[in-house]
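Here the structure comes first, spelled out in structure tokens, and everything after it is commentary.
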Amino acid sequence: MKPTEAPKLIVQDLDLYYGDFQALKRIQMSIVSRQITALIGPSGCGKSTLLRCFNRMNDLIESVQMRGRILLDGQDIADPSLPLVTLRKRVGMVFQRPNPFPLSAFENIAFGLHLHALAAGRRIHAIVEQSLQAVGLWDRLKDRLHQPALRLSLEEQQRLCIARAMAIKPEVILLDEPCSTLDPIATGKIEELLYALKEHYTIVIVTHNMQQAARVSDTAGFLLLGELVEFGPTNRLFTNPRDPKTEAYITGRFG
Amino acid sequence: MDPATRRVQAADRQWRRAELIQRVAFALLFIATLLVALASVLVMGLILIRGAPWLSWEFLTTMPARGMRAGGIFPAIVGTLELIGLTVVFALPMGVAAAIYLTEYARDNWMNRFIRLAIVNLSGVPSVVYGLFGLGLFVIFCRFGTSLLAGALTLAIMTLPVIITASEEALRSVPQSFREVSHSLGASRWQTVRHAVLPFAVPGIMTGTILGISRAAGETAPILFTVAAFYVPRLPHSVFDQAMALPYHLYVLSTQIPNIPQAHRYGTALVLLLLVLSLNVLAVVLRARFRRKRQW
């Protein structure tokens, strides 16, 4: 592991309710900078819900109630001094299904740049190139930047979505089961990409694929019924789990 | 005959009976459908056969002559086109704005439920009531007089529910994931609507608007008291002028002018019909084209 850095994200006593249903219970964790943190657990355990807390996407759902705190570089993300728009600019997200807009690849990446007025004219082109380079799409797309993004393969679409999230220079990238619609080869390529990206970004990935978590992550958390059962270095968690429930899950006895 | 054979025969008879009933039912359903189509074909056929020979460049582009018994219907065509153009100007922005509010912003509370109910009611109001309402509000109270402005505003209110409903549907059909991505990239609510939702709803909104307008174009009652002139010898100069309009002109020709060639009336009806029909066809073509092009 790299020399200890201050944690990028700290979760303190997080409770989350959908109406009366408690989806997250007393979550405590800290996520280290420039590492990949994986959240694993069976469907409905709350891992996606937890992920969506980090960029406050749950705010879009009216019935959600949250208690506890999440700190980004020590600052409470619910604090009015950190506007939602700024938070989401700093904490980007990639979704389960590749979801490019039905626009060209170029326009997809430029979307966020226009929103934040980050660049104009030639500068946009440079950032588009940079972002596509970073996800390994530039050589394939440089001559078809203005063709519809939906004509790309699913893997390319997902790469494009990662590039779109990266274009606005976030510090954290959240990925919600980013490979669940991809075949194993495409999945492998995305994993390599994530591995390369962690040099610059703090990455949190939700996955129900334990091999994936074992392969790519530095730290892993196991959630079950809204509780963070175990959280620690991936190696340790997979080879020597402390909690019998974790062991049962990773050895495939339920899930 | 042994019982097994008898049972088979009984089952066979029952099956034949069921099939007979089914055939009769299909036949009835088919005839009903045919009658609907027939009505449409008859109306259009009659007007086409009687009106088409009367159509000429002169009929379309000259002013009426000899007490409207001869000459053309140019001012009525222009009046109707101006009227529907102005109606779109008023109804489209307001309708789309309302639809955006209702789909993207409105929470489910009593006020928004009331607003929805009001819109539904608006679409059930008889057109003559709109006419009287327009007379009271725009012509008299707002002092617009009998004018293109008063007529277009009245037609706009009548068209609003159609535009709002169609726009709401178009906005709802934009996948939720577009909104999510946009928010996740740090877009505000309005930026999301403006850049990630509205552009993809435009085709649906256009189709709905055209259909609403085509209905308004053919209405007589709402323009009767608000804009329509029996006869004006010149085209309107401003939105405060009265104007002739096709539906009302047709009514005048059919009921107020004796000794007029029958074909003159049918020719006018045909022009109105073609105008409305071509708007509808435009809407259908647009919808089909965008549906084919749509990729999500």
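Give the interface area between chains A and B as buried accessible surface, both sides summed, probe 1.4 Å, in Å² to the nearest 100.
Summed over both sides, the interface buries about 1800 Å².
Karplus couplings for the range B:73-82 from phi (6.51 cos²θ - 1.76 cosθ + 1.60, θ = phi - 60°), rounded to Hz, Gly and Pro as x?
10, 3, x, 5, 5, 4, x, 5, 5, 5
About its Cα centre, what dipole magnitude does the protein assembly as shown give when the only charges are +1 on Lys and Arg Cβ and -1 on Asp and Glu Cβ, stated in debye to the nearest 20?
The calculated dipole for the protein assembly as shown is roughly 1040 debye.
Any residues in the range B:171-190 that have 50 Å² or more less accessible area with all protein chains than in their chain alone, probe 1.4 Å, and which are they?
Those are B:180, B:181, B:183, B:184, B:185, B:186, which lose 50 Å² or more relative to the chain on its own.
Accessible area of residue B:184, 1.4 Å probe, to the nearest 10 Å²?
Accessible area of residue B:184: about 0 Å².
Looking at this model, which pairs from A:142/B:293; A:25/A:189; A:198/B:293; A:47/A:189 are more than 32 angstrom apart at the alpha-carbon?
Correct reply: A:25/A:189; A:198/B:293.
Using DSSP to call loops (not H, G, I, E or B), can you name the chymotrypsin sites (Phe, Trp or Tyr not before Pro) in the range A:165-255 whose Cβ has at most 12 other Cβ atoms within 10 angstrom?
Sites meeting the loop and neighbour criteria: A:254.
What part of the accessible area of the protein assembly as shown, given as a whole %, is carbon or sulfur when the probe is 1.4 angstrom?
Ligands and nucleic acids excluded, carbon and sulfur give 60 percent.
Which order do the peptides A:47-59, B:84-96 come out in when sorted by mean C-beta neighbours inside 10 angstrom, highest first?
A:47-59, B:84-96
Suppose every K and R has +1 on its Cβ and every D and E has -1 on its Cβ; what is the size of the dipole of the range A:58-189 about the Cα centre, in Debye to the nearest 20?
It works out to roughly 360 debye.
Where does helix A:122-134 land angle-wise versus the long Cα axis of chain A, in degrees 0 to 90, nearest 10?
50 degrees
Of A:106, B:74, which has the most accessible area with a 1.4 Å probe, and how do the rest follow in descending order?
Ranking A:106, B:74 by accessible area, largest first, yields B:74, A:106.
Helix A:184-197 against the longest principal axis of chain A: what's the angle in degrees, Cα atoms only, rounded to the nearest 10?
90 degrees
Counting alpha carbon pairs within less than 8 Å and at least 6 residues apart, what relative contact order, in whole percent, applies to the range A:7-250?
The normalised contact order for the range A:7-250 reaches 29 percent.
Using just the alpha carbons, could you tell me how many Å³ per residue the convex hull of the protein assembly as shown encloses?
That works out to 283 Å³ per residue.
For the full complex of protein chains and a 1.4 angstrom probe, list B:44, A:29 by accessible area with the highest value first.
B:44, A:29
May I ask for the equivalent-ellipsoid semi-axes of the range A:22-122, computed as the square root of five times each C-alpha gyration tensor eigenvalue and listed largest first in whole Å?
Rounded to whole Å, the semi-axes are 27, 18, 14.
Work from the charge dipole of the protein assembly as shown (Cβ charges, +1 for Lys and Arg, -1 for Asp and Glu, about the Cα centre) and give the residue of A:130, A:117, B:153 farthest towards its positive end.
The residue sitting most towards the positive pole is B:153.
In what sequence, largest accessible area first, do B:264, B:195 appear using a 1.4 Å probe?
B:195, B:264
With the cut-off at 1.5 for a/c, could you classify the range B:126-283 from its C-alpha gyration tensor as rounded, prolate or oblate?
prolate
The values are calculated or read from the model by the stated rules, or taken from the named source; none is laboratory data. Quantities reported herein were computed from a predicted structural model and do not represent experimental measurements. All Cβ positions, even for glycine, are placed from backbone atoms using ideal geometry, and neighbour counts span all protein chains on display. Protein only, heavy atoms only, side chains kept; ligands, DNA and RNA dropped before computing areas. Shrake-Rupley method; radii C 1.70, N 1.55, O 1.52, S 1.80 Å.
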